[in-house]
1. Which residue pairs have Cβ atoms under 9 Å apart, sit 6 or more places apart or on different chains, and have a first residue in the stretch A:217-229 that is on the phi > 0 side of the Ramachandran plot and a second that is assigned to a strand (DSSP E or B)?
2. If you check every pair at least six apart or on different chains, which have Cβ atoms under 6 Å apart with a residue in the stretch B:111-135 that is at the interface with chain A (Cβ under 8 Å from one of its Cβ atoms) first and a residue that is of a type in the set (A, V, I, L, M, F, W, C) and part of a loop (DSSP other than H, G, I, E, B) second?
3. Where the second residue is at pLDDT 95 or above and the first is farther than 17 Å from B:ALA92 by Cβ and lies in the stretch B:161-180, which pairs have Cβ atoms under 8 Å and are six or more apart or on separate chains?
4. Counting just the residues of the stretch A:242-295 that are part of a helix (DSSP H, G or I), of a type in the set (Ser, Thr, Tyr) and in contact (Cβ under 8 Å) with a residue 24 or more places away in the chain, which one comes out surrounded by the most Cβ atoms within 10 Å (Cβ to Cβ)?
5. What tally of residues in the stretch B:296-315 results from selecting those that are buried (at least 22 other Cβ atoms within 10 Å of the Cβ) and modelled with pLDDT of 95 or more?
6. It is to be established whether one or more residues within the stretch A:26-38 are out of contact with any helix residue (DSSP H, G or I) (no Cβ under 7 Å at 6 or more places or on another chain) and at pLDDT below 95.
7. Every residue in the stretch A:138-148 that is in contact (Cβ under 8 Å) with a residue 24 or more places away in the chain and not in a strand (DSSP E or B), please.
8. Given the structure, is B:ALA151 within 14 Å of another protein chain (Cβ to nearest Cβ), crowded, with 18+ Cβ neighbours inside 10 Å and not in a helix (DSSP H, G or I)?
There are 2 protein chains.
Amino acid sequence: MKSIRHLISLAGALLAATTPLSAESPPIALVVHGGSGVLSADRMTPELRVAYYESLDEALLAGHTVLTRGGSSVDAIVAAITILEDSPLFNAGRGAAFTRTGTNELDASIMRGQDLEAGGVSAVKYVKNPILAARVVMEDTPHVLVTADGALELAIREELELRPPSYFWTERRWNSLQERIKRNIEYGGRLTSALDPATGRLDSEYYGTVGAVALDQAGNIAAGTSTGGRTMKMPGRVGDSPIIGAATYANNATAGISTTGLGEVHMVICSAHTVSALMEMKGLDVQAALDEVICKRLVDAGGGGGAIAIDGNGDVAMSYSDDGMYRGFVQNDGARHIFIYDEQEVAPE
Amino acid sequence: MKSIRHLISLAGALLAATTPLSAESPPIALVVHGGSGVLSADRMTPELRVAYYESLDEALLAGHTVLTRGGSSVDAIVAAITILEDSPLFNAGRGAAFTRTGTNELDASIMRGQDLEAGGVSAVKYVKNPILAARVVMEDTPHVLVTADGALELAIREELELRPPSYFWTERRWNSLQERIKRNIEYGGRLTSALDPATGRLDSEYYGTVGAVALDQAGNIAAGTSTGGRTMKMPGRVGDSPIIGAATYANNATAGISTTGLGEVHMVICSAHTVSALMEMKGLDVQAALDEVICKRLVDAGGGGGAIAIDGNGDVAMSYSDDGMYRGFVQNDGARHIFIYDEQEVAPE
């Protein structure tokens, strides 16, 4: 499954790897996801696999470089998430899904664990990197969430990069919308969820998210999430990604968390906050708490998806209930581990 | 402090009281709040006190009537909240606070405890009763939160009542905005929070919310919250009121909760969901869980405000960290108990 291009790219990445931190250094860690809505194995080509690998690897490298240089976890996750937003592969930023009226409305949030400061934007158009707008809300306003035109105004005021609709147009997401509209007509307009009516399972083409969580040398955790939302969503629909406690949560005393999957279910079970609460109130470790929420509570509530997390020791947790999740992590030694399905990590043997 | 008009109104309310349920009936309960941002005692006139009393009483009577007739907790809280939204006294619906550009942008959410279904609208204009729009999102869409113009479109499609800006204009809230703008200029544009710069305390004139929680004869809990948000907020600012887990949560296994106060802090500590989590994971009763969140965690995080809750037994809890909270409750016996400050309930002696 590995192409020549993949190997070349990997060699380049290894050359570009940052110096690993020494064993005496405080723990650092970065984990990223590109959504649990992975392409089914029959639609995943070797070329696409390499492309996903490269984007995840680039995101990990960028964030890890920040951390090894003593940068903050907020800077690290922003570095990682902007790379995933800029890639047309993921349903966030450039590769955003379309609403039923053919527009792209973007959601994102960010939170830092040392003081519970947080920010988010919902249903914002034209902003190239919604995670940067979320950061502006966190750092430069007294608010936690700013929506729609208000978020756009804020982005304009802060001179964030804007892009016209054509920038966000990708053939893949446009085709998904057309397919979904066609099927909705077949189903008499009742095709409202992301479930495939034929199989009763989640159809991964219709949703997706990117996210990152990091622990920096100062011991501070940050988490962030960004998405274009669900294909054929109602204009103005806000998913879990901009909601603190649903998709994103960070508390130095517990963990940083970023989720992906069926946003509406994450919202009603408060997935990210429940992970933190299970650690605080029940003493679960980060992987056990993540598994309890993603593999049990989320599924019991009719949802599906995945999540990533890091605790204060730099322990990394990843969990998903779907077929896979684009994901990867890096810790002090600088080795970047990348996965898509249940199998071994994506890397040359 | 009681006026003749108050006594007459109370007599009328007693005459209109619904038949109390018998002791064998399943427990029912309704609790409402009109915000923890109460007028300071020196600004509270006897006339205003009566007006607040009457609105809260009317809301309790309407909701209790639904419950005694076997109606659902969702119908009961909607009946109560629409009355509070229609009153110009409370910062929700008609009495909504103004954004810094002089517009009214409304937030609301609703959740039911038997299946965790939920709905909310954020930053929506012109909708007379945002709680009805939140209910439409819960019952008639696959989504949990719809924002801004998308929420307005939904309201138009569902033929909800719309009102022009003049309907939402009240002299009191307009004067609050003008005062706040003036003070902001004095403070060089840095007056961003709801804290009074002179006292360092929350200024109750600048925020407020309404909410209700009910338990019906079928044993189902519902909770809802509605607000105009914070005076001089940035256009597009979304507070805690439309956020499931922040201001509103309902789970038959724990409780229904509605909060009020500094929305941004409720959002980052996930106040409503934390109450539910403390009951589920730590075995706290509803009053202890509410006190832990409102009097400890909220204050520790730099916030202030209040909350109401009902558990599956029909036990009612109310808690606040400010000077008071417009609030009241009614249970099986039909007696309506109404409070504003710490003192005895507002009623004829």
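The values are calculated or read from the model by the stated rules, or taken from the named source; none is laboratory data. Keep in mind that this is a model prediction, so the values were computed, not measured. Glycine gets a Cβ as well: all are built from the backbone with ideal geometry, and neighbour counts include every protein chain shown.
1. Hits for this filter: A:GLY229/A:THR99; A:GLY229/A:LEU106; A:GLY229/A:ASP107; A:GLY229/A:ALA123; A:GLY229/A:ARG237; A:GLY229/A:VAL238.
2. Taking only residues 6 or more apart or on different chains, the pairs are B:ALA118/B:VAL144.
3. Listed pairs, sorted by first residue: B:PRO164/B:TYR126.
4. A:SER271
5. Final tally of qualifying residues: 7.
6. Yes - at least one qualifying residue is present in the stretch A:26-38.
7. If we filter the stretch A:138-148 for residues that are in contact (Cβ under 8 Å) with a residue 24 or more places away in the chain, which is where we start, we get A:138, A:143-148.
Correct list: A:MET138, A:HIS143, A:VAL144, A:ALA148.
8. no
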